[in-house]
Amino acid sequence: MTTPIQPEPTNEQRRIIYQARRGLKELDFYIDLYVKEIYLTAEPAEQETFAEMLTHEDPDLLDYFTNQNRPENEEIWALVNKIKTWRHNQRFDLKTDLDIKNVCLELV
């Protein structure tokens, strides 16, 4: 897996990236990799929705990402689901890559 080259962030994007640092492992699992791999190349509307999502308190965000509750804003809910789907696919891809490497090592 290769990470696409990210553009240089603007000052506003740097502020949002800093705000994305949450400190809860459960949230970091989703948010950190999204920030590193997608945020800077996302459409401006998605970046705005992400910034708005970050104004929610950590317990609320955790509820959203664990399907215990959902935000009133449908755009935030759609983004939460997009991030979750993308992140879980990333985990599957990594597991598949590791399984392939392990099989290759066993053949050697």
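Worth pointing out:
- Evaluated against (1) open to solvent by 80 Å² or more (accessible area, probe 1.4 Å); (2) basic (K, R); (3) in contact (Cβ under 8 Å) with a residue 12 or more places away in the chain, R70 falls short on exactly one condition, (3).
- Where a residue in the stretch 11-22 is more than 14 Å from E37 (Cα to Cα) and its partner, wherever it lies, is of a type in the set (S, T, Y), with Cβ under 9 Å and at least six apart: I16/Y39; Q19/T55
- The helices (runs of 4 or more DSSP H) falling completely within the stretch 1-69 that include 3 or more residues that are at pLDDT 90 or above and within 19 Å of K82 (Cα to Cα) map to 25-37, 44-53, 58-65.
- Verdict on K25 being surrounded by 11 or more Cβ atoms within 10 Å (Cβ to Cβ), among the charged types (D, E, K, R) and within 27 Å of P59 (Cα to Cα): no
- For D58, the conditions (1) under 21 Å from E37 (Cα atoms); (2) open to solvent by less than 50 Å² (accessible area, probe 1.4 Å) all hold with the exception of (1).
The values are calculated or read from the model by the stated rules, or taken from the named source; none is laboratory data. Values in this document were obtained by computation on a predicted structure and should not be read as measured data. Methodologically, a virtual Cβ is constructed for each residue, glycine included, from the backbone with ideal geometry; neighbour enumeration extends over all protein chains shown. Protein only, heavy atoms only, side chains kept; ligands, DNA and RNA dropped before computing areas. Shrake-Rupley method; radii C 1.70, N 1.55, O 1.52, S 1.80 Å.
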